[in-house]
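For reference, the structure discussed in these notes is given below.
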Amino acid sequence: MNPVPVLHAARLQLSEISKSFPGVRANEDVSLVVAPGEIHALLGENGAGKSTLVKIIYGLQAPDAGEIRFDGQLVTISSPKTARALGIGMVFQQFSLFDALSVIENIAVGLDGAMDRKALAGRVDAILRAYSLPLDLDRAVHTLSVGERQRIEIVRCLLVRPKLLIMDEPTSVLTPQEVERLFAMLRQLAAEGCSILYISHKLGEIKALCSAATILRAGKVVAACDPRVESTRRMAELMIGAELNAVERRDEGRPAGGAVRLAVRGLSLPPVGPFSVPLRDIGFEVRAGEIVGIAGVAGNGQSELLLALSGEVAAPGPEMITLDGRPIGRARAGARRRRGLCAVPEERNGHAAIPDLSLTDNAMLTARHRLALTLAGFLRFATARGYAGRVIARFGVKATGPGALARSLSGGNLQKYIMGREIMQAPGVLVVAQPTWGVDAGAAAAIHRALLDLAASGSAIVVISQDLDELLAVSDRLAVLNEGRLSRAIPTATATAHALGLLMGGVHGEPVPSHAHGTPARVPEPAHAVA
Amino acid sequence: MPLLRLERRREPSRAMQYATPLLAVALTVMAGTVVFGLMGYDGLGAVRQIFVAPLADPQRWPELLVKASPLVLIAIGLSIGFRANVWNIGGEGQYLAGAVAGTAVALATWTREGAWILPVMGLAGILGGMAWAAIPAFLRTRFGVSEILTSLMLTYVAVQGLFFLVRGPWRDPDGFNFPQTRMFNAAQTLPAVSEGSLVHLGIPIAVLVACLAWIVLERTIAGYEVKVVGLAPAAARHGGFSERRTIWLTLLAGGGLAGLAGILEAAGPFGQLTPQFPAGYGYTAIVVAFLGRLHPVGILLAGLVLAVTYVGGELAQTAIGLPQAATGMFQAMLLFFLLATDVLIRFRIVPVRVARARAAA
């Protein structure tokens, strides 16, 4: 290993940090340097290793290898307490607050040492004033907005006068006004010399806030850049990875131009909850024998789109979704299945399957419409057991048998069972989210093979996935879902990292110059950058 | 420093699922002995009167069955909702609404005879209970109002409505101004199973309903729906079940069975409506449903256990002067201990020393 030069001026220096979990290399030889007073972005897709890395810095995980230097000193951070003593603060995505206690009580509870309540209130008040953060110390936490709760966590960190503040996707739950206020505060903190490590995959924010960026992909550092001068498109490309073209493509043997089986037109849905993303004017078609991939980072409307397609959430109008030419927008999940549209949601436990019931009972859940598992309102257990057994056998599910509880299966095995349960119903249209999430490589290949075979038999398939390699491997056309909007679909053959970056960058609202980076004319422009 | 610690089991213990109802009964007996002892009664005697005396005397057994049948009917209805996380707490109100609706038929036909009258009264009772349960169902599905509050509050409305009827429009004109309705005639009264017995037709009906409920819950798509909605609402939607439909179905089933229990009680032991008619069966049935593990067969047994406390409570009043509230106290303790011991299904108790040693290993 090459000796790493020690940068004495650096606030934080990571040298070749590695961390593995069973089956995953979360971080591999990650090195990065954060200067004092710098707002440094840690950028990457979900699962790129950002969270693991900051957990190591904050003492929640121990690295397998590598060195951490803080203000030039070699340190071992064994616990969050050690990290706080060094001057490292962290604001998590999930807050740890007691709803029933007041703001000041929550702050007092979070302190490492005891402190006089009055003195504490004085110091908190001074901090709030210094950074112009409005917060009523005597309010109970359950009456506060998410943004105000985040301020409590920030104040907790500021109380120890941090030299490095880690923020894990802080804006995912904030309103635009709250984001502005947060950014103003972070800039002020940085101007006073506090370094900030800012985790996000929102490129626009990083461009607005950060002066340096380290981009992670699959646990490795793929680039370091200055986001103020780098284009969001280029950063998106780096995040997705430049080796996209190297992925082996599927054979193009299937006939194109089959009949349109699934068509979505002008589908808009208001948000259903506080953290849900509204769908805006979604439109696409899937033909018989075709697999359409929908890419994009989680939280951009993927789960909402799946619910709208599966029938768990009804579309505003029946014509917005048509199946083999018939409008089904208002039909429920069961009616859609009977007509040939099956779906697999991303969450296995409690959504695609019921953990406390047997695999036979779980077969009953979604296969009863198409496979006559009921007769005159009665359940046909023997038939369901037989079907569950066939799914287990064909997809190599490791389970004691159809009677095994779903919760007794490992995540990957349950996923194989769920995928098999839908594929073996031979649906005319199959919509799947994250088909190989948590499944080992061999099983993932088998699931991909089964999807391709299903398409070859004339079904139309929609794969919603964050795994671009997967989408490139199985899909004929690709579209990107971002902030509830779907780009137009481009043929997978033309889906270079560059073209996808263009789709994502356009969606992020950056104007797309027609001559950018010598883009070939055949690469289509993103639909809504134009609209 | 605590000596014992709760440790999560890898999977819920099946043995404990059966054992904790028995454990709850045992703890209730023990706590009852201590509490009534401290209050200056003969603690052991009180417990003996309440839990043992009704069982020891075969002459009391028909009485037990009479008390158990409304409890079982209401509890089965409630348990269907509880399985789907629909918390109908208003069994008492639906029971009264059923009794009132059935009595309306009885009063309208009091000069007539015929085998058709009782079935019509029964049907009216079921519909009356359903109508009362339909209000929380509508408010929940339309406006998202918690059925716990509405079903409970509607019970008080039902009680006051019954008081109004027996004191006003339905007061027996030949009843010396007592606040009660006419006595039902022979065609309106539930026949006994055998001549001169206390055991009326309502008891076999309760057993039959329990068997039917078992079949429906275990073997039909409706029972599956109820189970899935309760275990995993998102999966239920994914499977094509409508939560709204389930709420309506379970509340109507619960209301209908409570209403049936109401009219069976009015046409059976009471033979009329009086201000003493609301006896709290609808509340006690909640205890029965949980003690019976929301399972029809379990509920049959649990209904008998709670019937023992009713009969025993009355015995204890006359034998050792225990207050009437003692019955309610025992029933409440039973639910309390059951809910408390249920923690053992998912957790086990481990001495701290052992837990430490295991953690170190």
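Leaving out same-chain residues fewer than 8 places away, which lysines sit with a Cα under 16 Å from that of A:LYS163?
Result set, ordered by chain and number: A:LYS81.
Indicate the gyration tensor shape class of chain A (rounded, prolate or oblate), computed on the Cα atoms with a ≥ b ≥ c the square roots of the eigenvalues: a/c under 1.5 is rounded; otherwise a/b larger than b/c is prolate and the rest oblate.
prolate
What does DSSP give for the range A:12-230 in terms of the percent of beta bridges that are antiparallel, rounded to the nearest 5?
Here the share of antiparallel DSSP bridges comes out near 55 percent.
What shape does the range B:66-298 have by the C-alpha gyration tensor, where a ≥ b ≥ c are the square roots of the eigenvalues, rounded means a/c under 1.5, and otherwise prolate means a/b greater than b/c and oblate the rest?
Here the range B:66-298 falls in the prolate category.
Run the reach check for A:LYS202 against lysines, Cα to Cα strictly under 17 Å, same-chain hits fewer than 8 apart removed. What comes back?
Partners found: A:LYS50.
Does the range B:1-88 classify as rounded, prolate or oblate by the C-alpha gyration tensor (a ≥ b ≥ c root eigenvalues; a/c under 1.5 gives rounded; else a/b over b/c gives prolate, otherwise oblate)?
Oblate, because a/c is 1.5 or more while a/b does not exceed b/c.
Pop out the carbon and sulfur fraction of the accessible area of the range B:66-298 as a percent, whole number, probe 1.4 Å.
That fraction is 69 percent.
List, by residue number, every residue in the range A:304-321 with a reduction of 30 Å² or greater in accessible area between the chain on its own and the complete protein assembly, 1.4 Å probe.
A:GLU312
Could you order A:LYS81, A:LYS118 by accessible surface area, starting with the largest, using a probe radius of 1.4 Å?
Result of the area sort, largest leading: A:LYS118, A:LYS81.
Among B:GLY240, B:GLY128, B:GLY256, which one shows the biggest mean-square fluctuation in a GNM of chain B, springs joining Cα atoms closer than 10 Å?
Largest GNM mean-square fluctuation: B:GLY240.
Remind me, relative contact order of chain B in percent, using alpha carbon pairs under 8 angstrom and six or more residues apart?
35 percent
Take chain B, connect every pair of alpha-carbon atoms lying under 10 Å apart with a spring to form a Gaussian network, then pick out the residue of B:VAL287, B:VAL159, B:VAL72 with the largest mean-square fluctuation.
B:VAL159
Under unit Cβ charges (Lys, Arg +1; Asp, Glu -1), what dipole magnitude, rounded to 20 debye, does the range A:355-430 have relative to its Cα centre?
The dipole of the range A:355-430 has a size of about 180 debye.
Grab the DSSP H runs of the protein assembly as shown that are 4 residues or longer, score each as -39,500 (n - 2.57), total them, divide by all residues and round the 222 nm result to the nearest 500 deg cm²/dmol.
Result for the protein assembly as shown: -15000 deg cm²/dmol, rounded to the nearest 500.
With Cβ to Cβ distances under 12 Å as the rule, what net charge do the other residues near B:VAL229 carry (K, R +1; D, E -1)?
+3
Mind pulling the angle between the C-alpha long axis of helix B:296-320 and the longest principal axis of chain B? Nearest 10 degrees, somewhere in 0 to 90.
Helix B:296-320 sits roughly 80 degrees off the main axis of chain B.
Given the whole protein assembly as supplied and a 1.4 Å probe, what does the accessible area of B:TRP132 come to in Å², nearest 10?
About 60 Å², ignoring ligands and nucleic acids.
Keeping all protein chains in position, work out how much accessible area B:ASP174 exposes to a 1.4 Å probe, and write it in Å² to the nearest 10.
110 Å²
Take every Cα pair under 8 Å in the range B:83-242 that's 6+ residues apart, average their separations, divide by the length, and report that relative contact order as a whole percent.
25 percent
I'd like the accessible area for A:GLU346, computed on protein heavy atoms only with a 1.4 Å probe and all protein chains in place. Round to 10 Å², please.
Probe radius 1.4 Å; accessible area of A:GLU346 about 80 Å².
Please identify, among B:GLY40, B:GLY303, B:GLY161, the residue showing maximal mean-square fluctuation in a Gaussian network model of chain B using a 10 angstrom Cα cutoff.
Highest fluctuation among the options: B:GLY40.
Which percent, nearest 5, of DSSP beta bridges in the protein assembly as shown are antiparallel?
Percentage antiparallel, nearest 5: 55.
What net charge do the residues around A:ALA343 carry, taking every other residue with its C-beta under 9 Å from that of A:ALA343, with Lys and Arg at +1 and Asp and Glu at -1?
Summing Lys/Arg as +1 and Asp/Glu as -1 gives 0.
On a 1.4 Å probe surface of the protein chains, which of A:CYS157, B:CYS211 comes out largest in accessible area, and what is the full order?
B:CYS211, A:CYS157
What net charge do the residues around A:ARG380 carry, taking every other residue with its C-beta under 13 Å from that of A:ARG380, with Lys and Arg at +1 and Asp and Glu at -1?
Residues near A:ARG380 contribute +2 overall.
May I ask you to derive the relative contact order of chain A, considering only C-alpha pairs under 8 Å and at least 6 residues apart, and to give it as an integer percent?
Computed value for chain A: 14 percent relative contact order.
Would you compute the Debye intensity of the protein assembly as shown from its alpha-carbon atoms alone, equal scatterers and no solvent, and pass along log10 I(q)/I(0) at q = 0.06 Å⁻¹ to two decimals?
With one equal scatterer per Cα and no solvent, log10 I(q)/I(0) is -0.57.
In Å², what does the accessible area per residue of chain B work out to with a 1.4 Å probe?
Accessible surface, normalised per residue, equals 46 Å².
The values are calculated or read from the model by the stated rules, or taken from the named source; none is laboratory data. Everything numeric in this text was worked out from a predicted model, so none of it was measured. We place every Cβ from the backbone using ideal geometry, glycine too, and count neighbours over all the protein chains shown. Remember, those area values only see protein heavy atoms, side chains included, never the ligands or the DNA or RNA. Shrake-Rupley method; radii C 1.70, N 1.55, O 1.52, S 1.80 Å.
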